[in-house]
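The values are calculated or read from the model by the stated rules, or taken from the named source; none is laboratory data. Computed from a predicted structure; not experimentally measured. Cβ placement follows ideal geometry from the backbone for every residue including glycine, while neighbour counts extend to all protein chains displayed. These area figures cover heavy atoms from the full protein model, side chains too; ligands, DNA and RNA do not enter into them. Shrake-Rupley method; radii C 1.70, N 1.55, O 1.52, S 1.80 Å.
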Amino acid sequence: MTKENKKSGILSLIKSSYIRSFLKKYWLSYVLGIFFLVVIDYAQTKIPVYIGGVIDSLKNTSLTEERLIGDALKILLMAVGIVLGRVAWRYFIFGTSRKIERDIRNDLFRHLEGLSQNYYQQHKTGEIMAYITNDLEAVRQAMGMGIMMIFDVACLLIFILSGMVTLVSPSLTAVSVIPLAIIAVVTGLLGPKLFKKFYARQEAFSRISDFVQEDISGIKVIKAFVQQKKEIDSFEKVNQNYLSKNINFMKTSAIMDPLMFLITGLAFAAAIAFGGYIALGGDISIGDFTIFIQYLGMLVWPMTAVGMSINMITMGSASLKRIESVLDAKFDISDRPEVQEIESFSGSVSVRNLTFFYPENDIPALKNISFDLNEGQTLGIVGRTGSGKTTLLNLLVRLYDAENEMIFVSNTDIKGMPIKQLRTNIGYVTQDSFLFSDTIGNNIDFAGGNKSMDEIKEAAEFSCVHENIAEFPDGYDTVVGEKGVTLSGGQKQRVSISRAYIIEPKILIMDDSLSAVDTDTEERILKNLKEKRKGKTNIIVAHRLSALQHADKIIVIDNGEIIEQGNHRSLLQEKGLYYSLYKKQQLEKMINEED
C-alpha cells in the first residue's frame with residue numbers, strides 16, 4: 001500500500017479540508033461535548049481513591065461512621081454527575097455527528113444535481129446510492145463515536161496513569177503498562193490494511209447496490225424473457241464478491257479486539273504478580289493496591305477502545321475518500337462568470353458548423369451541422385436510429401456542451417446566457433417520458449408548482465390526455481407510481497407533453513414523443529400544436545413522417561450529418577432518404593389498412 005493511502009487511512013479525517021469546515025462550523029458543540037467527557041473521565045478516576053481510603057481506614061480501625069457516610073455520599077453524587085455528563089457529551093458529540101451527516105448528504109445531493117449527463121453515464125445509480133447511504137453512515141460513525149473514543153481513550157489513559165504513578169507506585173505502573181506499547185505496533189501494522197480492505201468492501205457494496213437497483217427497474221423485461229434464474233445466478237456472484245470483501249475486511253478487523261484483550265490480560269497479570277509482591281513487602285498498602293487494581297480494571301475500556309476507534313476512523317476515512325471523489329467531480333456545464341440574462345428571449349435558433357464528440361470517443365456524433373430557424377417556425381428532424389437527432393437536442397438545452405459560437409438562440413451564443421434562462425424558455429419532451437412517483441397533476445405542473453387546476457387541465461387537453469385522466473377514480477390526484485409505471489406508454493408521453501406545454505416555452509422540443517400514440521391522437525395533438533403555439537418555435541423529432549408534413553423546415557440527419565434540408569414537398573421531389581422513408585411508411589400504412 002502506498003504512503004499516501006496509509007496517510008489517508010489514519011489522518012484524512014483530520015487533514016481533509018472538507019471535514020475541517022464542519023469542525024469549524026460545530027466547534028462549540030464538540031468543545032462542550034469534550035469538556036463533559038473530560039470531566040466525567042476525571043470523576044471516574046476519583047472513585048477508586050475513596051474506596052482505597054475506606055479500605056485502609058478499615059485496616060487501621062480508624063474508619064468513623066461520619067467518614068463512611070461522607071465518602072458514600074461523595075461516590076453517589078459523582079455517579080449521578082457521571083450519568084448526567086454522559087448524557088451531555090452524547091448530546092453534543094453524537095448530535096453533532098448527525099448534523100454533519102445531514103449537511104454532507106445535502107452537499108452530495110446538491111452537487112449531484114449540478115453534475116452533467118456525462119457523469120451519470122460513467123457512474124451508475126446504485127453506486128451513487130451507496131455514497132449517500134452506506135458511506136455516509138461510516139463517516140458519521142467516525143465523526144461521532146470515533147472522535148469520542150479518541151478523546152475518551154486519551155483522557156482516561158492520562159488520568160489513570162497519572163493516578164497510578166502519584167497515588168500508588170511508579171515502578172508498579174511501569175511494569176503494568178509496558179504491554180501498552182504493543183498497541184502502537186498493532187496500530188501501525190493493521191491501520192493501512194484496514195483502510196485498503198474497507199475501501200474495497202465499499203466498492204463491492206456499490207456494485208451490489210447498483211445490481212439490485214437496475215434489476216428492479218428492469219423487472220418487467222426480466223420476467224418477459226423468463227430470465228429470473230439467470231439474474232439470480234448473477235446476483236449470487238455479485239453477492240459472493242461482497243461477502244469475500246467483507247470477510248477479508250473482518251479478518252483484519254477481528255484481530256484488533258482479541259489483541260487488546262490479550263494486552264489487558266498481560267497488564268493484569270503483571271500488576272497482580274508485582275503488585276502483590278510489593279504489597280506483601282509493605283511498600284504499598286492494601287488500599288493502594290486496591291486503588292491500583294481498580295485503575296487497571298478501568299484501563300480495559302480505553303485499551304479495547306483503541307482497536308475500535310482505529311476501525312471506526314479507518315472506515316470513516318475510506319468512505320470519506322469515496323464521498324469526496326463525488327464532491328470533487330467538476331461541473332462540466334456551468335455559467336461563465338460574465339454571463340448576463342438577455343433582455344428579450346425569442347425562439348430563433350441558429351446552428352453553425354456544429355461538430356460534437358462525446359467524451360472519450362474519437363468518432364464525431366455530429367459533423368458540420370448548420371441550419372437556421374426563425375421565431376414562430378416549426379422544424380422537423382428526421383433520421384435513422386442513432387443518427388444524432390437526440391444529441392442535437394441535448395446540445396440545444398446544454399445537457400452536453402458544444403464549442404463556442406456553434407449554437408445561437410435569440411441571436412445569442414447559448415454559452416453567453418445563463419443556463420437557467422435558456423432552459424426556462426425551452427420545453428423539452430424527452431424520449432423516455434420520465435414521470436415522478438407523484439400525482440398526475442403534480443407531474444404536469446412539475447416545472448412551476450404554482451399552476452391552477454384549470455391551467456393543468458388545459459395542458460392535458462392540449463396533449464389529448466385529459467379524457468384518460470378523467471376516467472381515473474382520483475383524476476388528477478392519481479399517483480402514477482415509480483417512473484409512471486401505472487400509465488401506458490402513450491399516456492406517459494402525453495403527460496410529458498403537457499408538462500412541457502404548461503410552462504408556455506418560447507421553444508418547444510418534442511423528441512419522438514408521439515411514437516406511442518395512435519395516428520388519430522397524433523393528428524389532434526399536431527392540430528393543437530399548430531393552433532395554440534402559433535407564433536412560437538417548435539422542434540419535432542419523429543419517425544412517422546406524417547407528424548412533419550406541416551413543418552416549415554425539415555432536416556434529414558444521417559451518420560451525424562445533414563444530408564437533406566427543405567420542407568415536405570421539396571424533400572419528396574429530391575427523392576433522397578426522406579422520399580425513401582416516406583414511401584416505405586406509405587406502403588406499411590396501405591398493408592395495415594388492407595389487414
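What the table below lists for this structure:
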| item | result |
| --- | --- |
| Exposure rank, largest accessible area first [Arg524, Arg110; 1.4 Å] | Arg110, Arg524 |
| Ranked order, Asp107, Asp454, Asp518 - accessible area, probe 1.4 Å, largest first | Asp454, Asp518, Asp107 |
| Per residue accessible area in Å² of the chain, where ligands, DNA and RNA are left out and the probe is 1.4 Å | 51 Å² |
| Residues in the stretch 526-559 reached by a label modelled at Lys583 [backbone nitrogen below 18 Å; 7 Å Cα→Cβ] | 545-546 |
| Rg/Rg_ref, the stretch 267-314, where Rg_ref = 2.2 N^0.38 Å and atoms are Cα | 1.51 |
| The stretch 90-230, Cα convex hull volume normalised per residue, Å³ | 175 Å³ |
| The stretch 433-539, Cα convex hull volume normalised per residue, Å³ | 91 Å³ |
| Square roots of five times the Cα gyration tensor eigenvalues for the chain, Å | 72, 24, 23 |
| Over 24 Å (Cα to Cα) - which of Lys230/Lys251; Lys451/Lys536; Lys330/Lys506; Lys24/Lys124 fall in this group | Lys230/Lys251; Lys330/Lys506; Lys24/Lys124 |
| Zone residues, the stretch 419-440, relative to Gln117, backbone N less than 13 Å from point 7 Å out along Cα-to-Cβ | 428-433 |
| Area accessible to solvent at Ile540, 1.4 Å probe radius, in Å² | 10 Å² |
| Charge dipole of the stretch 360-403 about the Cα centre (unit charges at C-beta), most positive-ward option of Thr391, Ala365, Ile381 | Ile381 |
| Which of His466, His550 is most accessible, then next, and so on - probe 1.4 Å | His550, His466 |
| Most positive-pole-ward Cα, Val541, Gln573, Ile557, against dipole of the stretch 538-595 from beta carbon charges | Gln573 |
| Additional length obtainable on full extension of the chain from Ile419 to Asp518, 0.36 nm per residue less Cα span | 32.1 nm |
| At 0.890 mPa s and 25 °C, Stokes diffusion of the stretch 62-158 via Kirkwood alpha-carbon radius, µm² per second | 142 µm²/s |
| Length-normalised contact order of the chain in % [C-alpha pairs under 8 Å, at least 6 apart] | 15 percent |
| Relative contact order [Cα under 8 Å, 6+ residues apart], the stretch 196-256, whole percent | 57 percent |
| Out-of-range pairs (alpha-carbon distance over 26 Å; input Lys532/Lys553; Lys367/Lys532; Lys15/Lys46) | Lys367/Lys532; Lys15/Lys46 |
| Whole-number percent relative contact order across the stretch 256-324, with pairs defined as alpha carbons under 8 Å at least 6 apart | 48 percent |
| Cα-projected label distance for Asn106 with Arg90, points at 7 Å along beta-carbon direction, nm | 2.6 nm |
| Two-site label geometry, Phe472 and Lys99: point separation in nm, points 7 Å out along Cα→Cβ | 4.2 nm |
| Per-residue [θ]222 nm for the chain (sum of -39500 (n - 2.57) over DSSP H runs n ≥ 4, rounded to 500) | -20500 deg cm²/dmol |
| Simple label model, 7 Å out from Cα along Cβ direction - Leu243 to Ile132, nm | 3.1 nm |
| Viscosity 1.306 mPa s, temperature 10 °C, Stokes-Einstein D of the stretch 412-461 from Kirkwood C-alpha radius, µm²/s | 124 µm²/s |
| Semi-axes of the equivalent ellipsoid for the stretch 257-380, Cα gyration tensor, largest first, Å | 79, 17, 9 |
| Rounded FRET efficiency, nearest 0.05, which uses the C-beta distance separating Thr486 from Gln227 and R0 of 22 Å | 0.40 |
| For the stretch 521-595, alpha-carbon Rg over 2.2 N^0.38 Å | 1.20 |
| Fraction of antiparallel bridges per DSSP, the chain only, in percent to nearest 5 | 45 percent |
